[in-house]
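Below is one structure, written out as structure tokens, with a few remarks after it.
The values are calculated or read from the model by the stated rules, or taken from the named source; none is laboratory data. Quick caveat: nothing in here was measured; it's all calculated off a predicted structure. Glycine gets a Cβ as well: all are built from the backbone with ideal geometry, and neighbour counts include every protein chain shown.
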């Protein structure tokens with residue numbers, strides 16, 4: 001199974017249909033959470049996704065004719081949104097996450113799902129367009145990205161900052177799978193940090209994402225647009241107008257801010273993929289990284305913005321995916337492994353090493369960059385878990 005995501009160019013009618021379906025899915029997701037909360041408070045029971053779907057179609061909609069618009073949306077998309085809400089509840093019951101939160105319209109985190117109805121149905125995809133159930137043929141912005149010789153099993157359409165995307169899950173054709181030859185190189189260690197995104201044990205250094213020219217330009221534009229938006233709201237306060245009602249100029253300004261945030265996100269992800277691509281194409285025998293406590297690191301209010309900008313979580317997930325594709329062993333060292341405090345030459349531990357000490361100096365005579373020393377220690381780490 002393999003996933004592909006690319007931008008699409010729907011017509012005005014298709015855009016309207018996508019937004020209507022996403023709106024219904026968001027409403028049903030929130031309705032399922034609210035209804036289950038009432039059921040639990042009343043009967044101390046829980047309604048599963050299938051039970052809620054049957055009740056919704058056979059009881060609730062017939063008794064409430066003003067809710068018939070729910071049936072105008074794709075039934076597959078509505079059922080998937082109910083399943084997503086059920087998964088959120090199950091994660092809460094297992095202690096993996098907090099109580100499910102209601103979806104907000106402006107967060108744009110709800111998708112329009114579609115699947116194959118039966119074995120005979122084929123979701124057609126050509127070089128320049130894809131046929132999506134309930135939407136019809138939609139033009140692709142990137143021609144030829146989605147393979148035409150693979151079977152599309154399911155997918156989702158989403159909107160973010162005025163752009164529309166389609167992501168599809170395909171079953172790879174055994175005749176077209178690329179067999180990657182075995183790895184012949186040695187292992188490498190990767191030390192992730194704030195000063196530089198990644199320092200490799202072979203001496204390679206990849207600069208901090210936030211220091212790249214394009215990111216600096218986008219962040220400068222973002223600050224200007226956010227100040228402009230703030231002034232508009234301050235003027236509404238002075239005029240004693242209702243803040244919840246947005247004027248056309250405020251809506252345009254919000255849209256500009258959303259577009260810049262989206263561009264920042266895509267640029268950061270693109271840079272991470274570039275770094276990972278360089279790492280895996282050297283075909284090392286294994287790659288060792290640290291198990292970073294990102295949620296704990298984010299609690300530091302002075303560093304949280306810089307940590308979030310480095311995309312450590314996305315880096316690890318993309319590295320896991322690429323290592324699996326290229327048949328490379330990914331080793332994860334324990335988060336308490338003292339990679340920075342150990343001397344890469346003699347192995348002595350320097351317990352009093354401080355964060356401001358950027359050069360590691362040992363009694364054995366070695367003077368080496370702190371991050372490079374940590375990367376070399378990660379390469380030699382013998383206690384690890386495989387991802």
(request) From (1) more than 24 Å from the chain's Cα centre (by Cα); (2) closer than 20 Å to residue 187 by Cα; (3) in a loop (DSSP other than H, G, I, E, B), pick out the condition that doesn't hold for residue 327. (result) (1)
(request) From 31, 114, 46, grab the single residue that is in contact with a helix residue (DSSP H, G or I) (Cβ under 9 Å, 6 or more places away or on another chain) and under 19 Å from residue 156 (Cβ atoms). (result) 114
(message) Just to check your reading of the model, which residue among 14, 38 is touching a strand residue (DSSP E or B) at 6+ places or on another chain (Cβ under 8 Å), farther than 30 Å from residue 318 by Cβ and part of a helix (DSSP H, G or I)?
(response) 14
(message) Within segment 69-76, does at least one residue satisfy the condition of being assigned to a helix (DSSP H, G or I) and more than 25 Å from residue 167 (Cβ to Cβ)?
(response) yes
(request) For segment 204-233, name all the residues that are within 17 Å of residue 192 (Cα to Cα) and part of a helix (DSSP H, G or I). (result) 209, 210, 211
(request) Please give the strands (runs of 3 or more DSSP E) falling wholly within segment 87-160 in which 1 or more residues are at pLDDT 90 or above and over 23 Å from the mean Cα position of the chain (by Cα). (result) 129-132, 136-140
(request) Could you please let me know if residue 240 is in a loop (DSSP other than H, G, I, E, B) and over 20 Å from residue 377 (Cα atoms)? (result) yes
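Each row is one residue, and each column tells you yes or no for (1) touching a residue at least 24 places away in the same chain (Cβ under 8 Å); (2) under 30 Å from residue 341 (Cα atoms).
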site: 228; (1), (2): yes, no
site: 234; (1), (2): no, no
site: 264; (1), (2): yes, no
site: 297; (1), (2): no, yes
(request) Tell me, yes or no, whether segment 41-48 has at least one residue that is surrounded by 10 or more Cβ atoms within 10 Å (Cβ to Cβ), closer than 22 Å to residue 19 by Cα and without any contact (Cβ under 8 Å) to a residue 24 or more places away in the chain. (result) no
(message) Conditions first: (1) modelled with pLDDT of 90 or more; (2) touching a strand residue (DSSP E or B) at 6+ places or on another chain (Cβ under 9 Å); (3) farther than 17 Å from residue 199 by Cβ. Residue 275 passes all but one, so which condition is the exception?
(response) (3)
